[in-house]
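Single-structure report; data block below.
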Amino acid sequence: MTDQSHFVEIRHAQKSYGTLEVLKDISLNVERGQIVAIIGPSGSGKSTLLRAVNDLDSLTGGEVWLDGVQVNKDLPHRQYEKHINAMRQDIGMVFQHFNLFPHLTARENVVMAPKMLKGLSKEDANKLAEEQLEKVGMLDRIDYYPSRLSGGQKQRVAIARALAMKPKLMLFDEATSALDPELVDEVNMVMKKLAEEHMTMIIVTHEMDFAASVCDRVLFMDQGVVVEEGPPEIVFKNPTKDRTREFLRKHLAGAA
Amino acid sequence: MDFDLMLRVYPFFLDAAWVTIQLSVLTALLGLTCGTLGASARLSRFALLRFLGAAYVSVFRGTPALIQLFILYFGGPQIGIQLDAFEAGVIGLGINAGAYMTETIRGAIISIDKGQREAARTLGLSQWQATYNVILPQAARLMVRPLGVNLNMLIKATALVAAISVVELTYTAQRYIGSTYKPFEMFLLAGLLYMIIIYATGRAVTWLDRKVQIT
Ligand SMILES: Nc1ncnc2c1ncn2[C@@H]1O[C@H](COP(=O)(O)OP(=O)(O)O)[C@@H](O)[C@H]1O
Ligand SMILES: [Mg+2]
């Protein structure tokens, strides 16, 4: 039997598309309440790694564990579907392009899954929608369709939608990369709030300042490997690897 | 132009137009059914179903609808399929329309951004729950207009069943030409009635399309 001691555990993750090896033996542990940021150049495999956590992209090798249960279990198709659907209820995910359901209002976006999967009454569903949208500061737009919201507002609704399932873990894949610069802060504020509530989070981001201010640990990835990993003070201020230094020089040049 | 004659035969043409409408409605319903099944097959997870769906589309779009009708109506009895002309017309045209609708429906479904299904699956929805609650409601809205085009084509294609002697508009026009020797007036009258049917259908489609769009 495997000894399960970390909240999230990625063991020897390997992923290939044909002959292209996108993830090369990556291991990562995240403790309950921890926030880990993943940084690195475009194409380095950050999204692939994050999407392996809820098996949106299946690994070709390695294991992912959450709270003592293996996510990417080897099961027959039907059983696996059942298992993964249950696992995903515990793993919230926020996408770069929001992926809000355009045919549903903010309220309906938030309550669709809880209603369907947890059988909430109409009353409880409404309460949940108000609660979650309040949390992201979108209560005043509760009956708006996504087409009438700004990018930042859409992303905040998308976060509320994920939170409504009461996940144990939140994954953010460049949640602010598609936003106009002036809309980035409102989304970062929401993520900061989650951090204060000790939500366990894995955040793929291009925003070094934000990463430095909220995360407990930073992972620098390049070409499918973790080049450097450590607390933000070290990785951002005193990186030990040349590749990290070079990457940070490019990315902090504007910010300095 | 013989307006008197046109007015005299007009009631009989109205009866024939009613047959054309019945043909159109039944064909559309059968077409939608076949189209839904065809699209489901083409998008299936199973290779055999995908192949069957693709074969259905290429066979029925790759041959003239008239030949399909002839095979069904004239050739059918040879292999034990006995249908009256109206039945053969509906079934033949319905299966033919279904091949076009298969592509329409499939096109609308695959045009939905894949992030939509991902978001739904991420929340814990099953493949089917995601399809039914997230993909189809969006795809259905996109389908209204192109299915309207299919409907337009299908109504016009009902004229083909005159060739297997279903007494609809085109057949009726031909029959009255036999007794009146006025092809210009008779075809004009038939054409006019087709136009009215198609115009009304087009308006209904436009109305529905507007109604289902999200504001
Ligand atoms: N479906 C796919 N098929 C083939 N290659 C892919 C696919 N998805 C991602 N890749 C490749 O995997 C690599 C890592 O991609 P990704 O994880 O998206 O990087 P990042 O998020 O760090 O920018 C890239 O080289 C990308 O081209
Ligand atoms: Mg990415």
### Message
I'm told A:Pro146 meets every condition in (1) over 20 Å from A:Val204 (Cβ atoms); (2) surrounded by fewer than 20 Cβ atoms within 10 Å (Cβ to Cβ); (3) in contact (Cβ under 8 Å) with a residue 40 or more places away in the chain except one. Can you identify the failing condition by its number?
### Response
(2)
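For B:Gly31, state whether it is closer than 27 Å to B:Leu192 by Cα and either touching a residue at least 40 places away in the same chain (Cβ under 8 Å) or out of contact with any Pro (no Cβ under 8 Å at 6 or more places or on another chain) (or both).
Working: closer than 27 Å to B:Leu192 by Cα: yes; either touching a residue at least 40 places away in the same chain (Cβ under 8 Å) or out of contact with any Pro (no Cβ under 8 Å at 6 or more places or on another chain) (or both): yes.
Here the answer is yes, as B:Gly31 does meet what is asked.
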### Query
Is it the case that the stretch B:134-142 has a residue that's free of Cβ contacts under 8 Å to residues at least 60 places away in the same chain and either farther than 30 Å from A:Pro167 by Cβ or open to solvent by 50 Å² or more (accessible area, probe 1.4 Å) (or both)?
yes
## Note on the structure
B:Met195 vs (1) open to solvent by 30 Å² or more (accessible area, probe 1.4 Å); (2) within 14 Å of another protein chain (Cβ to nearest Cβ): all pass except (2)
#### Entry: Scope the stretch A:38-55; condition among the small types (Gly, Ala, Ser), closer than 24 Å to B:Gly124 by Cα and more than 9 Å from ligand 2 (Cβ to nearest atom); matching residues
A:Ala52
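Just to be sure before I move on: is A:Glu229 open to solvent by 20 Å² or more (accessible area, probe 1.4 Å), in contact with a Lys or Arg (Cβ under 9 Å, 6 or more places away or on another chain), charged (D, E, K, R) and on the phi > 0 side of the Ramachandran plot in the structure I sent?
Numbers: open to solvent by 20 Å² or more (accessible area, probe 1.4 Å): yes; in contact with a Lys or Arg (Cβ under 9 Å, 6 or more places away or on another chain): yes; charged (D, E, K, R): yes; on the phi > 0 side of the Ramachandran plot: no.
Criteria not met by A:Glu229.
Could you tell me whether B:Gly80 is farther than 20 Å from B:Phe60 by Cβ and more than 14 Å from chain A (Cβ to nearest Cβ)? It would help to see each step written out before you state the result.
Numbers: farther than 20 Å from B:Phe60 by Cβ: yes; more than 14 Å from chain A (Cβ to nearest Cβ): yes.
Criteria met by B:Gly80.
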### Summary
Flagged pairs (Cβ under 7 angstrom, 6 or more apart or on separate chains; first in the stretch B:109-130, within 7 Å of another protein chain (Cβ to nearest Cβ) and without any contact (Cβ under 8 Å) to a residue 40 or more places away in the chain; second open to solvent by less than 10 Å² (accessible area, probe 1.4 Å) and part of a loop (DSSP other than H, G, I, E, B)) are B:Gln116/A:Phe101; B:Thr122/A:Asn54; B:Leu123/A:Met165; B:Gly124/A:Met165
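Return the residues of the stretch B:171-195 that are touching a residue at least 24 places away in the same chain (Cβ under 8 Å) and β-branched (Val, Ile, Thr); say none if nothing qualifies.
Residues satisfying the conditions are B:Thr172, B:Thr180.
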### Query
Which pairs have Cβ atoms under 6 Å, sit 6 or more apart or on different chains, and link a residue in the stretch A:84-97 that is facing chain B (nearest Cβ under 8 Å) to one that is assigned to a helix (DSSP H, G or I) and more than 16 Å from ligand 2 (Cβ to nearest atom)?
A:Gly92/A:Ala162
### Task
Mind counting the residues in the stretch A:12-59 that are within 14 Å of chain B (Cβ to nearest Cβ), in contact (Cβ under 8 Å) with a residue 40 or more places away in the chain and away from ligand 1 (no atom under 12 Å from the Cβ)?
2
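Picking from A:Phe172, A:Phe210, which residue would you name as being within 13 Å of the chain's Cα centre (by Cα) and either within 16 Å of ligand 2 (Cβ to nearest atom) or part of a helix (DSSP H, G or I) (or both)?
Details: A:Phe210 fails: within 13 Å of the chain's Cα centre (by Cα).
Exactly one residue qualifies, and that residue is A:Phe172.
The values are calculated or read from the model by the stated rules, or taken from the named source; none is laboratory data. What you see is a predicted model, and the numbers here were worked out from it, not measured in a lab. Ideal geometry is used to build each Cβ from the backbone, glycine not excepted, and the neighbour counts take in all protein chains shown. Protein only, heavy atoms only, side chains kept; ligands, DNA and RNA dropped before computing areas. Shrake-Rupley method; radii C 1.70, N 1.55, O 1.52, S 1.80 Å.
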